[in-house]
Amino acid sequence: MNRKNKSVPEPDQPVKKRSLWDNRLFLLVASLLCAIISWSIVTLTFDSEGAREFTVSEINYSYNSNAYTSMGLSIVDAPQVGSVRVRVEGSGTVIGQLSASDLMVYPNYANVSGSGEQTLTLQARVASSQFSSNDITLTVISPTTATIVFDRVSEKTLPVTVDSNGLSVADGYMLYRSNPVPSEVTITGPQSELDAITSVVAPVTVDSELSDSTSVTTSLELRDENGNTITPEYAELDNASANVTLTVYQVRELPLAVDFINVPTGFDTSSLNYSLSQETMLVAGPTRTVSALTELSVVSFDLGQQFALDRDYQLQVELPSGLVALGDTTNVTLSFDTSNMGSVTLNVPNIRTVNMPSNYDVEVMSERVTNVTLYGPADEIAELSPESVVAQLDCQNLQITAGQQTLPVTIQVPSSSRIFAVGSYTVTCQITSR
């Protein structure tokens, strides 16, 4: 018996997943993009010819500068261009790797022949050593020229002069000194402009009247030989301003006084009938110093050594530190009226020793001091006797050693306050240790 064969069902086949690449539309778009990229790479890198424009940020004025510096010229003015457009044509391989920083724009100095303003053509080149410019051409598109000023540049150093005409000083005061810092400036620029500048001035002004020292900062001015302010086009100063110290002094007229030294104890200097060639002196100085003074002292006059009848003396006025005399001289003439004076020369027998040292004995060997010259009123000199005169040996400030010494003595007239001796006198002493 024939049995029908029953078909056995086959197991289900797995469903195959479709990827993006099975999408015909996607493959078409991807192929198109690859073609565009490939074309761009070939065009920019491997294409034999191409052209691009670059923007260069500045002009290099120092390139080939020996063309004008060899003539002693310098650039005193040149335009500061913000950007220059440059077109590069030629090998696409080279152009495709260039950037604006690899290019340099510079003036063509071939036609520079001397000082003055000149308009020069701008040129461009590849500045980077990584690239060869043999296969490309560079053309400056805009701007194509630069106007440059050439001249012979030099330096000139001038002192700074203070112009104080605009200041007002209070009564009883004066502007004694004005010191600018810096005291000199250096000007750099074209020789033609430097020749016109003869002075550098610091003009100072203060709103109120000056009665004390102060400092002012002011701008410097350049002036010509006629005192006119000039403003050079190219010359420059190394300092455009200065700090000016204005020293203001108080002015006073003070009486003069003579200080007599080497006079006997108890001597009355007012008995001397003397006069000065000027009784007062006009001086100036810091307010604190001047306001504290009541008089000015003439150099000390040594009555015991310098005095003589019928003679005048040139003496200098001793000014305190910081004071200045407002006149032609600080010397005065001291004169004595000796019409009522007399003189006498005596041998003085009276020798007195005072302030004896505790460790020495001092014995005066001289019997008298000889040839002592004395001056005073004529009537008192006429009655003066040797016994009324004393030679005093004061040991207090003397350097004493054992043995025989010659020591100085001073001449005293106890009975008179108007007689004095002139000259140096000594006695011989024997000194022994105790």
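The values are calculated or read from the model by the stated rules, or taken from the named source; none is laboratory data. Bear in mind that the values here come from a model prediction, so they are computed numbers and not experimental data. Neighbour counts run over all protein chains shown; Cβ positions are idealised from the backbone, glycine included. Heavy atoms of the whole protein, side chains included, go into the accessibility calculation; ligands, DNA and RNA do not. Shrake-Rupley method; radii C 1.70, N 1.55, O 1.52, S 1.80 Å.
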Subset of the stretch 398-407 [surrounded by fewer than 12 Cβ atoms within 10 Å (Cβ to Cβ) and among the small types (Gly, Ala, Ser)] | Gly403
Sole exception among (1) open to solvent by less than 80 Å² (accessible area, probe 1.4 Å); (2) over 21 Å from Gly116 (Cβ atoms); (3) modelled with pLDDT of 90 or more for Thr43, by number | (3)
If you take just the strands (runs of 3 or more DSSP E) that sit entirely in the stretch 142-186, which of them hold at least 2 residues that are under 30 Å from Ser83 (Cα atoms) and hydrophobic (A, V, I, L, M, F, W, C)?
-> 145-151
Could you say whether any residue in the stretch 412-430 is open to solvent by 60 Å² or more (accessible area, probe 1.4 Å), under 19 Å from Asp302 (Cβ atoms) and assigned to a strand (DSSP E or B)?
-> yes
For Asp259, which of the numbered conditions (1) outside any loop (DSSP other than H, G, I, E, B); (2) farther than 30 Å from Gln412 by Cβ; (3) open to solvent by 50 Å² or more (accessible area, probe 1.4 Å); (4) not polar (S, T, N, Q) fails to hold?
-> (2)
When you go through (1) of a type in the set (A, V, I, L, M, F, W, C); (2) exposed (fewer than 14 other Cβ atoms within 10 Å of the Cβ); (3) in contact with an Asp or Glu (Cβ under 9 Å, 6 or more places away or on another chain) one by one for Ala110, which number turns out not to apply?
-> (3)
Within the stretch 277-299, which residues are of a type in the set (A, V, I, L, M), under 19 Å from Thr247 (Cβ atoms) and either without any contact (Cβ under 8 Å) to a residue 24 or more places away in the chain or in a strand (DSSP E or B) (or both)?
-> Leu282, Val283, Ala284, Ala292
May I ask you to list pairs of residues, at least six apart or on different chains, whose Cβ atoms are under 9 Å apart, with the first in the stretch 78-89 being under 16 Å from Ala100 (Cβ atoms) and without any contact (Cβ under 8 Å) to a residue 60 or more places away in the chain and the second being open to solvent by less than 40 Å² (accessible area, probe 1.4 Å) and part of a loop (DSSP other than H, G, I, E, B)?
-> Val88/Leu98
Hey, does the stretch 315-331 have a residue that's of a type in the set (D, E, K, R), modelled with pLDDT of 90 or more and either more than 16 Å from Pro255 (Cα to Cα) or touching a helix residue (DSSP H, G or I) at 6+ places or on another chain (Cβ under 7 Å) (or both)?
-> no
So which of Leu138, Leu122 is more than 51 Å from the chain's Cα centre (by Cα) and part of a strand (DSSP E or B)?
-> Leu138
How many of the residues making up the stretch 232-250 are open to solvent by less than 50 Å² (accessible area, probe 1.4 Å) and of a type in the set (Gly, Ala, Ser)?
-> 2
Residues within the stretch 62-92 that are touching a helix residue (DSSP H, G or I) at 6+ places or on another chain (Cβ under 7 Å), over 23 Å from Ala51 (Cβ atoms) and open to solvent by less than 60 Å² (accessible area, probe 1.4 Å), tallied | 2
Top-ranked residue of the stretch 216-228 - restricted to ones that are open to solvent by 70 Å² or more (accessible area, probe 1.4 Å) and touching a residue at least 12 places away in the same chain (Cβ under 8 Å), ranked as nearest to Lys156 (Cα to Cα) = Glu225
Hits in the stretch 177-196 - residues which are open to solvent by 30 Å² or more (accessible area, probe 1.4 Å), closer than 30 Å to Ser211 by Cβ and not charged (D, E, K, R) = Ser178, Asn179, Val181, Pro182, Ser183
Working only within the stretch 270-282, note down all residues that are out of contact with any Asp or Glu (no Cβ under 8 Å at 6 or more places or on another chain) and buried (at least 16 other Cβ atoms within 10 Å of the Cβ).
-> Leu272, Leu276
For the stretch 156-176, indicate whether the set of residues that are surrounded by fewer than 14 Cβ atoms within 10 Å (Cβ to Cβ), within 24 Å of the chain's Cα centre (by Cα) and of a type in the set (D, E, K, R) is non-empty.
-> no
